[in-house]
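The values are calculated or read from the model by the stated rules, or taken from the named source; none is laboratory data. Just so we're clear, the structure is a prediction, and the values are computed from it rather than from any experiment. Because the Cβ atoms are built from the backbone with ideal geometry, glycine has one as well, and the counts that use them run over all protein chains shown. What goes into the accessible areas is simple: the full protein's heavy atoms, side chains included, and nothing from ligands, DNA or RNA. Shrake-Rupley method; radii C 1.70, N 1.55, O 1.52, S 1.80 Å.
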Amino acid sequence: MSTVIPDHVLRELGRTEGDAASLGLLVRDQDTRRLVLLRAVLDAAEAAPPAVCPPELLDRLREDWALLETAELADREAVRTVLFHPLAGPWAQRLLGGLTSDAPAGPDLRADLAHLTALAAAGAIRAGVGFDVRLTPRRGLVSLPTLGAVRSGAGPVRLSYREDELTLSPQDGPRFTVRRHTDRTLSSADPRWLPVLMLRPVVPGSAPVALDDVDPYGSEAGDRPPYGLSGAVHVDDHERKKWAGSWSGLEPLLRVGGEHRIAEAAVLLRCMVPLRQPAGSGPDGEGAAHCSATRREAFGAVLSSKPATAAFFASTLVHELQHTKLSALTALVPLHREDTTERYFAPWRPDPRPFDGLLQGAYSHLALADYWQRFALQAHRVTHHDLAWAEHARCREQVGAVLPVLAGSAGLTAEGRTLVNEMISVYHRLDDNPPPSGHLARAQAYVSTAKVIWQQRNGLRRQ
């Protein structure tokens, strides 16, 4: 067994559980990896040829790094709030890739390099350290990660911070000021300032969660979003109120799933990235259509369209935070040695999946099956009762269809075998409270039909 992950922690995580101490182990490792990644960015810039990182950009990077160091000396935790912001991960990965390639610096790399200025400015504001910098808008916004953004024209914006007051001087408009408050939030009477909405802590004593709709690294780069996802979207005041309203009812609904569901949301979740409502949503975003995701390089972020109800908001977090946990665990210790060939049937996807994707999906759907079963057993209204049993039965049958494939893999490591064995124990524990026969029959038919369609689409030779 691994010395990195204690056996009791691995077993907890295998049951899709984990208390604050166990989850904290994953958080500390991910935060350490972020610091190593940032150092790698600096080293790569120093080593890059002038064609990749021109001298003027390298000088700016050094100035930004020096501002970060000064701010960290003043308030280490304030700066690390910015550096550990989930969306700084995709930025750092992209920048490192650009600096270590042979391609000369183009607009994308220059924009990625300039984003360090924005990160340094945000860290300095949080730490109360003065500065003067210039930033160029991206898609009409100048972003200050974790704090907000300035809506401006195409020209650069000068930012000057002194004594809790940030002065913004756009090239294409009049100057205005933003005030820093004791809780490190920023506000301004000028409508060009777009603050990040801070959702209240999941439980008292935990950190608030940012609804970050202004960070340029909120979704995948490129024109085509990943499978099943819509793109990131800016939300207006009306939509912000709806997000905050749904969020306010989360705690009791998460607690239905057990204290571990509250713990994983309180410990792991750092920001929500709002996505556009997918096709099939009803007016004002209501209806069954919904999409959500996590990104391995954005630890602590959940990307999601606005769920129609607080119950589906809770289940979205349960689902996505399992991916967060399992990805962080995989970074600490390998769970399997299977290749990346896309050949496996997964009842939740129409396309063949690699083994790792199968494991990820089974893990998250097992947690959902457990959550909806607990919800059904506590539901009092008939509509909630039936909905919960239907969701439970579907997820349970989906997991049951792929667990034999996972358990039969010769590529599982010792840690992976422990994890899968614990998943199997949870799956069998669900039998203690079976769903009503009608829901079970419909779920079994759903999975059987999905497999037939999958085989027709992808070929009978695929497993």
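Some notes on this structure:
- Residues being basic (Lys, Arg) and either closer than 20 Å to CYS53 by Cα or at pLDDT below 95 (or both) - total across the stretch 63-96: 1
- Top-ranked residue of the stretch 240-265 - restricted to ones that are at pLDDT 90 or above and part of a loop (DSSP other than H, G, I, E, B), ranked as farthest from SER364 (Cα to Cα): GLY258
- Residues within the stretch 367-382 that are over 19 Å from GLY18 (Cα atoms) and either free of Cβ contacts under 8 Å to residues at least 40 places away in the same chain or of a type in the set (A, V, I, L, M, F, W, C) (or both), tallied: 7
- Taken over the stretch 372-404, the residue count meeting the criterion of being of a type in the set (Val, Ile, Thr) and open to solvent by 60 Å² or more (accessible area, probe 1.4 Å) is 2.
Yes or no, residue by residue, for (1) surrounded by 14 or more Cβ atoms within 10 Å (Cβ to Cβ); (2) touching a residue at least 60 places away in the same chain (Cβ under 8 Å); (3) outside any helix (DSSP H, G or I):
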{"residue": "THR16", "(1), (2), (3)": "yes, yes, yes"}
{"residue": "ASP29", "(1), (2), (3)": "yes, yes, no"}
{"residue": "ASP43", "(1), (2), (3)": "no, no, no"}
{"residue": "ASP59", "(1), (2), (3)": "no, no, no"}
{"residue": "LEU68", "(1), (2), (3)": "yes, no, no"}
{"residue": "VAL79", "(1), (2), (3)": "yes, no, no"}
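- Scanning the stretch 175-207 for residues that are within 28 Å of ARG261 (Cβ to Cβ) and open to solvent by 60 Å² or more (accessible area, probe 1.4 Å) returns ASP183, MET198, ARG200, PRO204, GLY205, ALA207.
Here is a yes/no grid of residues against (1) hydrophobic (A, V, I, L, M, F, W, C); (2) out of contact with any Ser or Thr (no Cβ under 7 Å at 6 or more places or on another chain):
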{"position": "ARG139", "(1), (2)": "no, yes"}
{"position": "LEU144", "(1), (2)": "yes, yes"}
{"position": "THR167", "(1), (2)": "no, no"}
{"position": "PRO170", "(1), (2)": "no, no"}
{"position": "ARG175", "(1), (2)": "no, no"}
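- For PRO435: the one exception among (1) surrounded by fewer than 19 Cβ atoms within 10 Å (Cβ to Cβ); (2) over 31 Å from the mean Cα position of the chain (by Cα): (1)
- Contact map, the stretch 143-167: residues that are free of Cβ contacts under 8 Å to residues at least 24 places away in the same chain paired with residues that are surrounded by 23 or more Cβ atoms within 10 Å (Cβ to Cβ), Cβ distance under 7 Å, separation 6+ or inter-chain. Pairs shown: VAL157/VAL142; VAL157/VAL150; VAL157/LEU168.
- Unique residue being modelled with pLDDT of 95 or more, surrounded by 18 or more Cβ atoms within 10 Å (Cβ to Cβ) and either within 32 Å of the chain's Cα centre (by Cα) or part of a helix (DSSP H, G or I) (or both) when the list is THR418, THR449: THR418
- Checked against (1) in contact with a Leu (Cβ under 9 Å, 6 or more places away or on another chain); (2) over 23 Å from LEU303 (Cα atoms); (3) surrounded by 16 or more Cβ atoms within 10 Å (Cβ to Cβ), ARG34 passes all but a single condition, namely (2).
- TRP348 of a type in the set (Phe, Trp, Tyr), part of a helix (DSSP H, G or I) and out of contact with any Leu (no Cβ under 7 Å at 6 or more places or on another chain): no
- Residues that are buried (at least 23 other Cβ atoms within 10 Å of the Cβ), β-branched (Val, Ile, Thr) and modelled with pLDDT of 95 or more are absent from the stretch 332-347.
- ASP108 vs. criteria modelled with pLDDT of 95 or more, charged (D, E, K, R) and surrounded by fewer than 18 Cβ atoms within 10 Å (Cβ to Cβ): no
- Hits in the stretch 115-155 - residues which are at pLDDT 95 or above, over 19 Å from VAL196 (Cβ atoms) and either open to solvent by 30 Å² or more (accessible area, probe 1.4 Å) or in a loop (DSSP other than H, G, I, E, B) (or both): VAL129, GLY130, ASP132, ARG134
- For the stretch 215-231, filtered to residues that are at pLDDT 85 or above and either touching a Lys or Arg at 6+ places or on another chain (Cβ under 9 Å) or outside any loop (DSSP other than H, G, I, E, B) (or both), the residue that is most open to solvent (accessible area, probe 1.4 Å) is PRO216.
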